Amino acid sequence: MIGDYLRLHGFDVALCEGGRALRAHIAERTPDLVVLDLNMPEEDGLSIVRDLKARSAIPIIMLTATASPIDRVVGLELGADDYLPKPCELRELVARVRSVLRRAQGAPATQPEPATPTPPAARRIRFGTKWLEPDSLRLSDDDGLAQPLTRSEYDLLKAFADHPKRALSRERLLDLADARDPDAFDRAIDVRINRIRKKIEPDPGNPRFIRTVRGLGYVFRPEGD
């Protein structure tokens, strides 16, 4: 039913009955996005999310029959880009698919125009132990080694880079990162921030660069003070 509905709205859809079929399909043709039922036969859906995100940057929208907050949080921690509880409104699913594809394939939600042209080598923003490279949408270390980064993580880092030393509420971060959706919840931002901290903070348990502002949200401290 979901496949037929997506086809009606112009998407090229391939249906896979389980984890093995999905991996076989990806080996032949990389999809732009995966809509993944967590109650897959053969293999738990969360393990599929973990495996796909470890090997690729393919966006994933999870479908959860129980709408369990634990499933959502675990899926987001593993790198999933969005979720919908089942049964879902198919028009909303199409909207979520288009939104995730825009974030994955389009330009950053907010990209200020520099007053004067800036040499590409200078377009790097320091985030703790890493460098954010807006032109290439990369996060890299001092040796130039790229750190895997999802589109939603990049959008959050870009939002912080555009608003340094300013406390940003979770709601504001959702807007700045173009991650607003009808069921957005604070924990989704918290999960993404935790993932980012593990990539940029010398000690993620005691963050210095992206700090929590109690009762509000987060603030980016470029100097780690």
Problem set entry | the range 219-225 - phi-based ³J(HN,Hα) in whole Hz, Karplus 6.51/-1.76/1.60, Gly and Pro as x | 9, 9, 10, x, 8, x, 8
For this session: Would you mind putting 76-87, 44-55 in packing order, based on average other-beta-carbon counts within 10 Å, highest first?
Result: 76-87, 44-55
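Within a Cβ distance under 15 Å of LYS165, other residues only, what is the Lys/Arg minus Asp/Glu net charge?
Surrounding charge for LYS165 is +3.
Is the C-alpha gyration tensor of the range 1-86 telling us rounded, prolate or oblate? Criteria: a/c under 1.5 is rounded; beyond that, a/b larger than b/c is prolate, otherwise oblate. Mind dumping the intermediate values first?
On the way: a/c = 1.57, a/b = 1.19, b/c = 1.32.
The shape class here is oblate.
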Exercise. Given H placed on each backbone N at 1.01 Å, which residues far from ARG138 in sequence or on other chains put an amide H within less than 5 Å of it?
Worked result: GLU133
Problem set entry | Scattering profile of the chain at q = 0.10 Å⁻¹ [log10 I(q)/I(0), Debye over alpha-carbon scatterers] | -0.48
For this session: Can you pull the one-decimal nm distance between simple spin-label points at ALA27 and GLU77, each 7 Å off the Cα toward Cβ?
Result: 3.1 nm
Problem set entry | MET1 paired with CYS16, simple spin-label distance in nm, labels 7 Å along Cα-to-beta-carbon | 2.3 nm
For this session: Ignoring everything but the protein chains, give the 1.4 Å probe accessible area of GLU92 in square angstrom, nearest 10.
Result: 50 Å²
Exercise. For the peptides 161-170, 23-32, what is the packing order when you average, over each peptide's residues, the other Cβ atoms within 10 Å and list the highest mean first?
Worked result: 161-170, 23-32
Problem set entry | Residues whose placed amide H lies under 5 Å from that of ILE60, excluding near-sequence neighbours | VAL34, ASP81, ASP82
Exercise. Assigning unit charges at the beta carbon (Lys, Arg +1; Asp, Glu -1) and nothing else, what dipole magnitude in debye, to the nearest 20, does the chain show about its Cα centre?
Worked result: 620 debye
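The values are calculated or read from the model by the stated rules, or taken from the named source; none is laboratory data. Predicted model only: the values in this text are computed from it and were never measured. For neighbour counting, all protein chains shown are included, and Cβ atoms are generated from backbone atoms with ideal geometry for every residue, glycine included. For accessibility, only protein heavy atoms count, side chains too; no ligands or nucleic acids. Shrake-Rupley method; radii C 1.70, N 1.55, O 1.52, S 1.80 Å.
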